[in-house]
Amino acid sequence: MTENTMTENVQFTSGFLKGKKGIVLGVANKRSIAWGISKCLSSHGAQLAFTYQGERLKESVEELSKTLPGESPLYSCDVAKDEEIKSVFEKLGSDFGSLDFLVHCIAFAKKEELAGRTIETSREGFQIAHDISSYSLIALAKAAEPLLEKNGGSIVALTYLGADKVIPNYNVMGLAKASLESGVRYLAADLGPKNIRVNGISAGPVNTLAARGIAGFTTMLDSHRNRAPLKRNVEIVEVANAAFFLLSPLGSGITGEILYVDCGYRIMGA
Ligand code: NAD
Ligand code: IMJ
């Protein structure tokens with residue numbers, strides 16, 4: 001019997017994104033899903049711009065971006081601030097001229113909202129989670145529209161099963177991801193006539209900064225591995241390959257969709 005692990009040929013390169021320009025939001029460190037996606041898109045020939053959330057993360061994103069071939073413009077962008085979003089796309093307009101894709105890998109809720117009962121969610125906690133994790137996709141899509149519509153384009157946002165099913169401790173983030181996923185569909189309808197596609201990738205649990213420190217996360221990874229049809233956890237490179245597919249011409253007929261990259265976990269009833 002063959003061993004049920006990934007094979008090396010999952011990491012491949014092509015010229016599919018040669019001459020294409022994209023922006024990736026949400027790199028914090030080398031474990032970020034956004035960074036895994038960036039390495040993959042770059043290996044297919046794309047030129048990338050990055051945003052980082054404030055000076056705290058500037059150095060980390062700078063170091064990482066230097067490891068990719070070519071020049072990568074970097075912009076500071078806290079998505080809670082309209083003026084920062086505006087300035088990113090003004091600078092991108094002069095640096096890139098046009099844009100082929102945008103990757104949204106941003107989520108935030110206050111730590112105290114990610115434990116205990118969802119019924120305890122505060123009004124402010126609800127607003128912050130929805131603002132950063134869902135509204136930001138609308139604001140970014142609007143700011144990117146003039147650059148994306150020049151040649152048509154593609155937007156991908158990262159989401160999680162907690163949008164659809166109750167996952168312990170995910171709480172208000174589940175509501176925010178449900179809103180994000182609905183946003184994917186409404187934006188797909190708005191932007192489709194301009195040949196801009198919008199899709200979501202629902203990734204299985206991955207041990208990143210956004211997952212570390214979550215009560216019971218290691219147990220969650222174990223139970224995910226046991227229940228998933230593929231009997232393992234998803235690897236970032238697999239999420240990245242799905243993003244590449246949706247962002248490249250291979251995904252040309254797909255918009256408004258949520259693609260699960262979770263080793264099949266979601267289909268299981270028990
Ligand atoms: P991560 O911590 O590496 O990335 C989260 C990013 O969000 C960070 O780069 C952070 O700077 C950014 N961010 C938060 N608030 C922001 C703000 N106000 N302005 C700008 N950026 C802000 O963790 P990750 O796991 O790579 O998360 C990326 C995406 O993947 C998130 O949308 C997350 O919900 C999603 N996701 C993660 C998992 C998982 O298990 N790790 C599973 C499914 C989906
Ligand atoms: C996050 C919280 C609770 C359960 C969780 C997660 N499970 C998974 C995650 C089971 C997989 C990771 N995930 C999918 C996220 O979207 C994480 C979002 C997040 C994480 C933090 C941690 C630090 C903080 N705020 C956060 N806001 C959002 O202060």
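Pairs please, first residue from region 107-120 and polar (S, T, N, Q), second anywhere and in a helix (DSSP H, G or I) and more than 8 Å from ligand 2 (Cβ to nearest atom), Cβ atoms under 9 Å, 6+ apart in sequence or on different chains.
T118/V172; T118/G174; T118/L175
Name the residue, out of L64, L68, L102, that is away from ligand 2 (no atom under 16 Å from the Cβ), within 23 Å of R197 (Cα to Cα) and modelled with pLDDT of 95 or more.
L102
Yes or no: L48 crowded, with 21+ Cβ neighbours inside 10 Å and closer than 20 Å to L191 by Cβ?
Answer is no for this residue.
Out of everything in region 243-270 that is among the small types (G, A, S) and part of a loop (DSSP other than H, G, I, E, B), what residue ends up being nearest to K39 (Cα to Cα)?
Step one: list which residues in region 243-270 are among the small types (G, A, S), which gives 243, 248, 251-253, 256, 264, 269-270.
Cutting the leftovers down to part of a loop (DSSP other than H, G, I, E, B) gives us 248, 252-253, 256, 264, 269-270.
Numbers: S248: 15, S252: 22, G253: 25, G256: 25, G264: 24, G269: 35, A270: 36 Å.
Step by step, filter region 243-270, then rank; the result is S248.
Quick one: is A240 at pLDDT 95 or above, in contact with a Ser or Thr (Cβ under 9 Å, 6 or more places away or on another chain) and either on the phi < 0 side of the Ramachandran plot or assigned to a strand (DSSP E or B) (or both)?
yes
List pairs: first residue in region 123-147 and in contact (Cβ under 8 Å) with a residue 40 or more places away in the chain and more than 13 Å from ligand 1 (Cβ to nearest atom), second residue in a helix (DSSP H, G or I) and hydroxyl-bearing (S, T, Y) anywhere in the structure, Cβ distance under 9 angstrom, at least six positions apart or on different chains.
I138/Y186
Residues in region 72-108 that are over 11 Å from L25 (Cβ atoms), of a type in the set (F, W, Y) and either more than 9 Å from ligand 1 (Cβ to nearest atom) or touching a strand residue (DSSP E or B) at 6+ places or on another chain (Cβ under 7 Å) (or both): how many?
Residues that pass the stated criteria total 3.
Here are some residues: L57, L92. Which one is of a type outside the set (G, A, S) and under 18 Å from the mean Cα position of the chain (by Cα)?
On inspection, the qualifying residue turns out to be L57.
Residues of region 22-71 being in a helix (DSSP H, G or I) and of a type in the set (V, I, T), which ones?
I33, I37, V61
Quickly run through region 196-215 and pick out the residues that are outside any loop (DSSP other than H, G, I, E, B) and not β-branched (V, I, T).
The answer is R197, N199, G200, S202, A203.
Within region 96-110, does at least one residue satisfy the condition of being part of a helix (DSSP H, G or I) and charged (D, E, K, R)?
No, region 96-110 contains no residue that is part of a helix (DSSP H, G or I) and charged (D, E, K, R).
In region 134-158, which residues are within 16 Å of ligand 2 (Cβ to nearest atom) and either part of a helix (DSSP H, G or I) or farther than 18 Å from S252 by Cα (or both)?
S134, Y135, S136, L137, L158, listed by residue number.
Looking at K231, K194, which one is basic (K, R) and either at positive phi or modelled with pLDDT under 95 (or both)?
Values: K194 fails: either at positive phi or modelled with pLDDT under 95 (or both).
None of the others qualify; the one that does is K231.
The values are calculated or read from the model by the stated rules, or taken from the named source; none is laboratory data. Just so it is clear, the structure is predicted and the values come from calculations on it, not from any experiment. No Cβ is skipped: glycine too gets one built from the backbone with ideal geometry, and neighbour counts run over all protein chains shown.
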